[in-house]
Amino acid sequence: MTISGAAKLAGVAGWPIGHSLSPALHGYWIAEYGLDAAYVPLAIAPEGFADAFKALPKLGFRGLNVTLPHKEAAFRLVDARDDAAEATGAVNTIVFEGVRALGRNTDVFGFAESLREAGVASLASTAVVVLGAGGAARGVVAALFSLGASHVHLVNRTAEKAEALAAHFGARIIVHRWAALPKLLSTAGLLVNTTSLGMVGQPPLEIDLKPMRHGVVADIVYRPLETPLLAQASKQGLKAIDGLEMLIHQARPGFAAWFGVEPTLTASLRGHLVSILEGRR
Ligand code: NAP
């Protein structure tokens, strides 16, 4: 695939960035739709992010995905924010429009969409349990409320971080201790892991899902694709949703805004990314 001097440009900024699947994901769509466009990884150290943010539109970039550790800095730097960015205090997608930068948080859409695709249309009458209170938990919690969850039962190792998240979202978050999990799971219809536990190189997430009699288990960790938590869920007949679904869906709004095509999640795209995750490419 060649590009011309008029190619549309976007990229993903992070530190480090070498592990990011986003260039492969956007590159797949660019090739699939035959676009004159490029999406590149941008390794930007925290102290250089503000300068890069100013320079990129001048270099012709239409926008940017932003990953760790820049999501809060991006929130502060943009000129306007969508509701999801305001709800989470973080920006993961920037659209440069002339001299203005619009900040969005498409993790919220991405996680909600992964649930909708799995048949979860409304959470109005579902008891929801979330593990973790880090950066990703904010997007997940906002997505759960967007699907009608009345409350979220939140469990995190560090109580202060759980309380900070509860303070951000208000009384709809109910904080519990880790020891309360068996009881919470006995009535839960949805469990979401937003901790990094279970990820390659991290300690395992040791939870017994037996008290959970029905429903859905989502794990936003996607390395490995089938985490031990999801394997356990599938084994006992619960629906399992992996983190790759969220990752692909969160990329769709940015791609549409920068390149003018609404991309879709196809089996062949998923297969392409799975082969990269499994080291086959
Ligand atoms: P983060 O801000 O660093 O938060 C990490 C969370 O994991 C915190 O709740 C932390 O608890 C918990 N944790 C870490 N080590 C733990 C341990 N040993 N025992 C108990 N809890 C532990 O990270 P993040 O940005 O939220 O990302 C979390 C995970 O989500 C990562 O694996 C990331 O790759 C994944 N993610 C996936 C997507 C996607 O599109 N699928 C998007 C974003 C993130 P404490 O508060 O107690 O430290």
> Looking at (1) of a type in the set (Gly, Ala, Ser); (2) crowded, with 20+ Cβ neighbours inside 10 Å; (3) part of a loop (DSSP other than H, G, I, E, B), can you tell me which one Ala13 breaks?
Replying inline: (3)
> Given the conditions (1) part of a loop (DSSP other than H, G, I, E, B); (2) closer than 17 Å to Val141 by Cβ; (3) within 16 Å of the ligand (Cβ to nearest atom), which single one is not true for Leu165?
Replying inline: (1)
> If we keep just the residues of the range 250-281 that are within 20 Å of the chain's Cα centre (by Cα) and of a type in the set (Val, Ile, Thr), which is farthest from Glu113 (Cα to Cα)?
Replying inline: Ile276
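Residues that are among the polar types (S, T, N, Q) and within 16 Å of the ligand (Cβ to nearest atom): find the helices (runs of 4 or more DSSP H) completely inside the range 40-137 holding 1 or more of those. Lay out the reasoning, then the answer.
On the way: elements: 49-58, 71-77, 83-88, 106-117.
Where helices (runs of 4 or more DSSP H) fall fully within the range 40-137 and carry at least 1 residues being among the polar types (S, T, N, Q) and within 16 Å of the ligand (Cβ to nearest atom), they are 83-88, 106-117.
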> For Gln250, all conditions in the list (1) within 16 Å of the ligand (Cβ to nearest atom); (2) at pLDDT below 95 hold save one; what is the number of the exception?
Replying inline: (2)
>> Filter the range 191-216 down to the residues that are more than 10 Å from the ligand (Cβ to nearest atom), under 17 Å from Ala179 (Cβ atoms) and of a type in the set (D, E, K, R) and list them by number.
In response: Asp208, Lys210
> In the range 168-190, how many residues are of a type in the set (Lys, Arg) and either closer than 17 Å to Ala133 by Cβ or within 16 Å of the ligand (Cβ to nearest atom) (or both)?
Replying inline: 2
> Of the conditions (1) surrounded by fewer than 18 Cβ atoms within 10 Å (Cβ to Cβ); (2) in a helix (DSSP H, G or I), Ala143 fails just one. Which one is it?
Replying inline: (1)
> (1) farther than 18 Å from Val221 by Cβ; (2) outside any strand (DSSP E or B): which one isn't true of Arg157, the others all being true?
Replying inline: (1)
> Leu244 versus (1) surrounded by fewer than 19 Cβ atoms within 10 Å (Cβ to Cβ); (2) in a helix (DSSP H, G or I); (3) within 15 Å of the chain's Cα centre (by Cα): which is the lone unmet condition?
Replying inline: (1)
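The values are calculated or read from the model by the stated rules, or taken from the named source; none is laboratory data. None of the values given here were measured: they were computed from a predicted structure. All Cβ positions, glycine included, derive from the backbone under ideal geometry; neighbour counts span all protein chains shown.
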